[in-house]
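Every number here is computed from the coordinates shown, using simple stated rules; none is lab data. The structure presented is a predicted model; accordingly, all values stated were derived computationally and were not measured. All Cβ positions, even for glycine, are placed from backbone atoms using ideal geometry, and neighbour counts span all protein chains on display.
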Amino acid sequence: MAHIRIDRQQQRFMLINLGVGRYIGTMSTQNPPAIDVRSLSKSYGKTHAVRSVSFVIEPGESVALLGPNGAGKTTLLDMIEGIASPTSGQVQLFGMGWASDAPALRQLIGLSLQSTAYLDYVSIGELAQLFATLTHSTRQRAHQSLEQVGLAHLSKRSFKALSGGEKQRFSLAMAVMHRPRLLLLDEPTTALDPNARHDCWSLIQGLKRDGITVLLTTHYMDEATALSDRIILINQGQLVADGTLATLLQQSGLTGGVTIDTAAPLDTLPLPWVVAPHRQGWLIASQPGHPDPTVQEVLTHLDRLSVTVRGVQTHQPTLDDVFRYLTGRDLS
Amino acid sequence: MKMLWALTWLLTKRFVRQPAVLFWALAFPVALSVVLGMAFSRPPAPVRIGVMGAPPFQSPEIEWVLTSPHLLSQHRVGGHFHVWMSQVTPSMQLGGDPAHGDTRLARLLLAQHASATPLPSVSVQTRPGSRYIDFLVPGMMALGIMNSALWGIGYALIDMRTKKMLRRLLATPMPKSTLMLAHFLVRLGVGIAEALLLLAITGWVFHLVVQGSVVALCMCLFAGTFAFSGFGVMVGSRTDSSVVGNGLINAVSLPMTICSGVFFTYRSFPTVVANCIEWLPLTVLVDALRLVMTEPVGPGDVMVPCMVLMAVGLIGHGLGLKWFKWH
């Protein structure tokens, strides 16, 4: 048990250091990073919503900010957006800060929020014209944005009359109307059906190809995997890990494994593998640098320890496993 | 400027496309004024006097009702008349309750008729403006301005905040002052439209005319809208709950609606209370509008109340913008 705990701690520090390393590594670059977050903290009374988070996102990168509900994702996004002031630390976007360059920054960022209700009793075409004016774009660009998300034919419809997926697409159209350099997406596909989610994903992937820097918050690991080049995991306001999916899997040591359905507390037994709680019971994986355990090996060991096994499955580790491994919590 | 125009135009279109809002903002005050005006602004009816036998004379101000000694009590209790003549000749003898206005009026009319000496000629200077409708319309205009600003700005801001529309607007380069100014301009338009509609309908039905200067009227409408827009911005500056917003707006508007002399004069309150009510923003607006509507006054006569209202508006907007939060 003790050696497993030490391994987890080591893994966690390794992953956090990886993120800080990226931050230190970009300090000397000529082009300022799209997002530069330094020791950012936010407290509401005695509640610490975000605790000393640091990371850097380069122009053109697509990054998912992943964490369970209440992890601090939205607070972090609020500070990056400039609508919440940090208790300590600082945020710079393209080398500029909110305190001195707010108007210029607003022209550089696009924002799409989860469940925004736009003004009712006006058509989405009229709303698009309004946002074009507010962001110094043209009427033509407003129409193009609606075309881009496949809503031009619905331009006379009110926002309220759109389906969930259409609403989210409209929100994206408004966010990219003025061709921003940074797109902030707060849970862009929450509460959407699978088809609508995939439509949104296609749009965001298209924007990525256009070179827009994307930072999205989500608690869907498949969304993070599909849309981002890099993943930042946060939990209870702290940065837990920062890296590509492959790096995170590799660094966590969860390269493969076996899930065991049993009533026995496996993490208290002397097993030569990493053991982590899992939806189906327990996940048994190898230590870093060691081959994955086979089903036969695991069952033989458990049999020797007189553990009754109700079910067994081979398992390919996911981001969810990495998160659970690091925090003991589920993402969703 | 482009931003302001675009937002004002969109908010105006949104306003005119909501039938329920149009009804409550425009049709309801007019309907209420007409109904109350009809109920309380009828021309004075002739005094009905019960008479036993032939009427002693004819007068357009007196309606004689034939009665008899045994029917007198029945007619009186039935409301046919409150005053009666029990004897016509040789002298007229009037009966009635001195506490009832008809008794006093009948006595004066009969005394005038019976007087051997004709009354000295009296020249009458006609000055309309004493009917209840003349009292009511300025109050309804002011009430409309207050409600329009508080609900149309205060509640609208809370609603936009609750639905994250404000947060979305924050991500654009539009300053918050543009948002407030757009709301103010829409409410000014609504206030002018409501005033014009009210004047047109009451002018047609009750022959009500503005006695004072139109410029003075416009000054009052502008200053009143500015003052109550300030209240609206303050009320809607931070709250993100429609229930709290409802309570706040009612807390501001209800006391003024009742006390500020919209439906009845606040001079009926004890002097100390009336002197305080006099300085409530709605009272200042009602009094200024009533002055313009019923007296031949010019812009200079409403300068002080307008400046008071502008000062209230400046404070309201200033505090509202200072406290304002987008999310």
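Cα extents of the protein assembly as shown along the three principal axes, largest first, in whole Å?
On the principal axes, the protein assembly as shown reaches 135, 58, 50 Å in Cα extent.
Looking only at other chains, what is the average number of their beta-carbon atoms within 10 angstrom of each beta-carbon in A:127-134?
5
Only Cα pairs within less than 10 Å get springs; with that Gaussian network setup on chain A, which residue of A:Ala142, A:Ala196, A:Ala99 has the largest fluctuation?
Checking each option, the largest mean-square fluctuation is seen for A:Ala99.
Given springs between every Cα pair under 10 Å in a Gaussian network model of chain B, which of B:Leu94, B:Leu26, B:Leu150 has the largest fluctuation?
Answer for the Gaussian network model of chain B: B:Leu94.
Hey, what number do you get for chain A at 222 nm if only DSSP H runs of n ≥ 4 count, each worth -39500 (n - 2.57), divided across all residues, to the nearest 500?
Calculated at 222 nm, the ellipticity per residue is -12000 deg cm²/dmol.
Using a 10 Å cut-off on Cβ atoms, rank the peptides A:156-164, B:45-53 from the highest mean neighbour count down.
Order by mean packing, descending: B:45-53, A:156-164.
Taking the Cα centre of the stretch A:8-249 as the origin and placing charges on Cβ (Lys, Arg +1; Asp, Glu -1), which of A:Leu185, A:Gly150, A:Gly70 is farthest toward the positive end of the dipole?
A:Gly70
Under a straight-distance cross-link criterion of Cα-Cα below 17 Å, which lysines are reachable from A:Lys42, leaving out those fewer than 8 residues away in the same chain?
A:Lys73
What dipole magnitude, in Debye to the nearest 20, does the stretch A:8-249 give about its Cα centre under +1 on Lys/Arg Cβ and -1 on Asp/Glu Cβ?
Magnitude of the dipole: close to 220 debye.
Explain nothing, just the number: dipole magnitude of the protein assembly as shown about its Cα centre with +1 on each Lys and Arg Cβ and -1 on each Asp and Glu Cβ, in debye rounded to the nearest 20.
Once rounded to the nearest 20, the dipole reads 680 debye.
What number do you get for chain A when its Cα radius of gyration is normalised by 2.2 N^0.38 Å, N = residues?
1.12
222 nm [θ] for chain B, helices only, -39500 (n - 2.57) per DSSP H run of 4+, per residue, to 500?
-19500 deg cm²/dmol
Place a label point 7 angstrom from the Cα of A:Ala152 along the Cα-to-Cβ direction, then list the residues of the stretch A:88-125 whose backbone nitrogen is under 19 Å away.
So the set is A:123-125.
As I understand it, the dipole of the protein assembly as shown uses +1 on the Cβ of Lys and Arg and -1 on the Cβ of Asp and Glu, about the Cα centre. Which of A:Phe131, B:His317, A:His290 lies farthest toward its positive end?
B:His317
For labels at B:His100 and B:Val209 in the simple 7 Å Cα→Cβ model, what's the distance in nm?
Going from the B:His100 label point to the B:Val209 one covers 3.8 nm.
Describe numerically, in nm with one decimal, the distance between label points set 7 Å from Cα along Cα→Cβ at B:Thr265 and at A:Ala102.
About 5.1 nm separates the two model spin labels.
Using a cut-off of 21 Å between alpha-carbon atoms, which lysines can reach B:Lys176, once sequence neighbours fewer than 8 places away in the same chain are excluded?
B:Lys2, B:Lys13, B:Lys163, B:Lys164, B:Lys322, B:Lys325
Enumerate the aspartates and glutamates that A:Lys167 could reach by cross-link, defined here as Cα to Cα under 19 Å, with residues fewer than 8 away along the same chain left out.
Result set, ordered by chain and number: A:Asp120, A:Glu126, A:Glu147, A:Asp186, A:Glu187, A:Asp193, A:Asp199, A:Glu223, B:Asp159.
Fewest Cβ neighbours within 10 Å first, please rank B:Val272, A:Val53, B:Val137 accordingly.
Ordered from fewest to most neighbouring Cβ atoms within 10 Å, B:Val272, A:Val53, B:Val137 come out as B:Val272, A:Val53, B:Val137.
Suppose a student asked you for the relative contact order of chain A, using Cα pairs under 8 Å spaced at least 6 residues apart; what percent would you report?
About 21 percent, as a whole number.
Provide the per-residue ³J(HN,Hα) series for the stretch B:228-235, in order, calculated from phi with Karplus coefficients 6.51, -1.76, 1.60 and θ = phi - 60°, each as a whole number of Hz, with x at glycine and proline positions.
7, 4, x, 4, x, 5, 5, 4
PRE reach from A:Asp229 (point 7 Å along Cα→Cβ): which of the stretch A:52-80 fall under 17 Å by backbone N?
Those under the cut-off are A:55-65.
From Cα pairs below 8 angstrom and at least 6 apart in sequence, can you work out the relative contact order of the stretch A:87-179, rounded to a whole percent?
Relative contact order, the stretch A:87-179: 34 percent.
Pick from A:Arg51, A:Arg141, A:Arg209: which residue has the top mean-square fluctuation in a GNM of chain A where Cα pairs under 10 Å get a spring?
Among A:Arg51, A:Arg141, A:Arg209, the largest GNM mean-square fluctuation belongs to A:Arg209.
Placing +1 on the Cβ of each Lys and Arg and -1 on the Cβ of each Asp and Glu in the protein assembly as shown, which of B:Ser260, B:Trp204, A:Gly256 has its Cα farthest towards the positive end of the resulting dipole?
B:Trp204
Can you give the charge dipole size of the stretch A:255-316 about its Cα centre, rounded to the nearest 20 debye, using +1 on the beta carbon of Lys and Arg and -1 on the beta carbon of Asp and Glu?
100
Please compute the modelled spin-label separation between A:Thr308 and B:Val273, points set 7 Å along Cα→Cβ, answer in nm with one decimal.
So the label points at B:Val273 and A:Thr308 sit 8.0 nm apart.
Among B:Cys220, B:Cys276, what is the fewest-to-most ranking by other Cβ atoms within 10 Å?
Fewest to most other Cβ atoms nearby, the residues stand as B:Cys276, B:Cys220.
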